Amino acid sequence: MGLRILGTGSALPARRVTNEELSGFLDTSDEWISQRTGIRARRVCTTETLDDLATQASRRALESAGVDASELGAVICTTTSPDHVMPAEASVVQGSIGASCPSFDLAAACAGFVFALDVADGIFARGRARRVLVVSAERCTRYLDWTDRATCVLFGDGAAAAVLGAEGEGLLSLRLSTQPDTGALDLPGIPGSSPFDKTVRGPQLFSMRGREIFKFGVTSIEREVRALAADAGMEVADIDHFVFHQANGRILDSAATRLGIDASRVVRTLAETGNLSSACIPHALDHLVRSGGLTAGQTVAIVGFGAGLSVGSCLIRWEEGAAGTGPALPHAAAKAPLT
Ligand code: UT7
């Protein structure tokens, strides 16, 4: 499959909220959250908009790719928490970065980034563009129930982007699936004010069946990594890096144990961000790139899972000339607050 990641970038809001701070207004503790999830703190939007974060992450990805916004043939934003339902979040980003190309949003919850890679691959295959920007931007804290300790402690806000190029053979395998279950993770849409609406609706807040999603995450990661390796004619042990959805550190540990790989090979960014929904994977990938952890020729197995229940996974070979194989931007710059 002809696709290469040319550059990555991310942006987090300035405000850091610790577990201790949450325990000031919730019946929870740093000990519970740290031990059960691996999360110590998360970044929360206060004065920043999601438009700001998505634009900043996109600019950083373009800069690291050495690509001008005018070269983009499409902008795809994955989000379930946009600032606007209309226009698309991608259209706002497109305007802010100065691109003039089709732009649209894609909603596949936490698996959104991999779904967008598949769409970009199709755009490249049809010769419609040679450069595509995928930006995953989530303001999860806007839809959380801040009285529900079982969910609100898990999420944060942030955006991360990747500039994709049509040349190369960097995508070794990609798999998408959706197993219908609308109640496991649920966020109702805008209630509206139609005088004809007789449906009964609950509050417009996020809810989930946590234990079930935990098991779904672990089994999905194991199944997908084994399938990706088989597709590429490789052994799991031969894959260099593992970038999984950052929902819970114990999910990452269990998946590593089942796969028989050392947990240190699984990229882990959730301690300081919490769950960023679809932005988790590109953010973790950006972290890996900017920390100098990726070299040309290495392989990365990626698995995202979440509401749907959807799973997107892919195996990437990092190619010469992709971001991170040239001079790296300072890691601190990528994580600098927006203010
Ligand atoms: O992007 C995908 C979205 N979500 C996920 O992937 C989440 C996957 N699931 C998880 O990460 C875990 O299931 C949770 C972190 C949500 C929960 O951890 P758990 O180990 O499965 O705990 P539990 O739900 O079995 O609850 C154990 C206890 C309960 O108390 P009781 O009934 O034993 O007295 C909960 O009420 O922990 C309690 N609890 C808390 N206690 C302190 C739940 N949340 C908290 C909290 N602080 N924040």
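All of the numbers you see were taken from the coordinates with simple rules; none came from a lab. Just so it is clear, the model here is predicted, and its values are computed rather than measured. Methodologically, a virtual Cβ is constructed for each residue, glycine included, from the backbone with ideal geometry; neighbour enumeration extends over all protein chains shown.
So how much slack lies between residue 35 and residue 295, counting 0.36 nm per residue of separation and subtracting their Cα-Cα distance, in nm?
On the way: separation 260, 0.36 × 260 = 93.60 nm, distance 3.28 nm.
Length difference between fully extended and current span is 90.3 nm.
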Checklist entry - Hey, how many Å between the Cα centroid of region 38-53 and the Cα centroid of region 204-258? => result 25 Å
Next on the checklist: In the chain, if the dipole is taken from +1 on Lys/Arg beta carbons and -1 on Asp/Glu beta carbons about the Cα centre, which of 172, 66, 98 is farthest to the positive end?
Outcome noted: 172
Checklist outcome for this item: Here the residues of region 14-32 lying in the modelled label zone of residue 150, meaning backbone nitrogen under 18 Å from a point 7 Å along Cα-to-Cβ, are 26-29, 32
Checklist outcome for this item: With a Förster distance of 45 angstrom and the Cβ-Cβ distance between residue 107 and residue 263, calculated FRET efficiency to the nearest 0.05 equals 0.90
Checklist outcome for this item: For the chain, whose charge dipole is built from +1 on Lys and Arg Cβ atoms and -1 on Asp and Glu Cβ atoms, the candidate among 196, 53, 246 with its Cα farthest towards the positive end is 196
Checklist outcome for this item: Quick calc: nm separation of the 7 Å Cα→Cβ label points for residue 253 and residue 240 -> 2.8 nm
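Dipole of the chain, Cα-centred, from +1 at each Lys and Arg C-beta and -1 at each Asp and Glu C-beta, to the nearest 20 debye?
That gives the chain a dipole magnitude of about 220 debye.
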Item to check | Residue (of 22, 300, 279) at the positive-pole extreme of the chain, dipole from beta-carbon charges | outcome: 22
Checklist entry - If each of residue 86 and residue 186 carries a label point 7 Å out from its Cα toward its Cβ, how far apart are those two points in nm? => result 2.7 nm
Checklist entry - How large is Rg/Rh for the chain, to two decimals, with Cα atoms and a Kirkwood Rh? => result 0.95
Checklist entry - With r defined as the distance between the Cβ atoms of residue 201 and residue 167 and R0 fixed at 51 Å, what FRET efficiency is calculated, to the nearest 0.05? => result 0.60
